[in-house]
Amino acid sequence: MGTMFLAAEAAHHEAGPLFYLFGLEVTSEITTEWAILGIIVLLTFAVARNLRRIPRGLQTGMELLVNLIIDTVVAPSIGSRQKAIKYLPFLGTLFIFIIVSNYLGLLPGAGHLPGFKPPTSAISVTAALAILAFIAT
């Protein structure tokens, strides 16, 4: 009985592609990755569309997030705030993408609903992020 459950669970996680796009497999990890990237891009455009010298609303929140990432994540790793600001676009984007992907795994149904699986659960996404970080370094 226990082996049947494990086999069924393994088959459930290896469901295969949802569909094909230009001959390439599109899996649940990829659709979730597209959703995360879409949200990041839309949020960025919404904030950057109406930048003000004295921030209000969403711009205030985004500036707080950027400063938090600079001061607590990037600057301690690199050594100075100046260098952190220089590398912030790449490292900040990686940080936001990875943390959102990991937190998606905590939501109910993550990994069990078709089209909804945290991207960082796939070794290919993790390897691609590692290769990008290696090349950037």
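What range in the chain is the longest one free of trypsin sites (Lys or Arg not before Pro) that are in a loop by DSSP and have at most 16 other Cβ atoms within 10 angstrom?
57-137
Please work out the average accessible area per residue across the range 72-126, using the 1.4 Å probe convention, and give it in Å². Kindly include the intermediate steps, with their values, before the conclusion.
Values: 3430 Å² over 55 residues.
That works out to 62 Å² per residue.
How much net charge surrounds Val100 when only the other residues with a Cβ under 14 Å from the Cβ of Val100 are counted, with Lys and Arg +1 and Asp and Glu -1?
Here the count lands on -1.
Once whole DSSP H runs in the chain are found, which of them have Cα atoms spread over 27 Å or more along the helix axis and a mean Kyte-Doolittle score of at least -0.5?
Helices passing the filter in the chain: 28-48, 81-104.
Counting only C-alpha contacts under 8 Å and six or more residues apart, can you give the relative contact order of the chain as a whole percent?
29
Please report, as a whole percent, how much of the solvent-accessible surface of the chain comes from carbon and sulfur atoms (probe radius 1.4 Å).
The C+S portion of the solvent-accessible surface of the chain is 71 percent.
The values are calculated or read from the model by the stated rules, or taken from the named source; none is laboratory data. As the structure is a prediction and not an experimental result, all values here were calculated from the model. Note that we place each Cβ from the backbone using ideal geometry, even for glycine, and neighbour counts take in every protein chain shown. Keep in mind that these areas ignore ligands, DNA and RNA; they rest on the heavy atoms of the full protein, side chains included. Shrake-Rupley method; radii C 1.70, N 1.55, O 1.52, S 1.80 Å.
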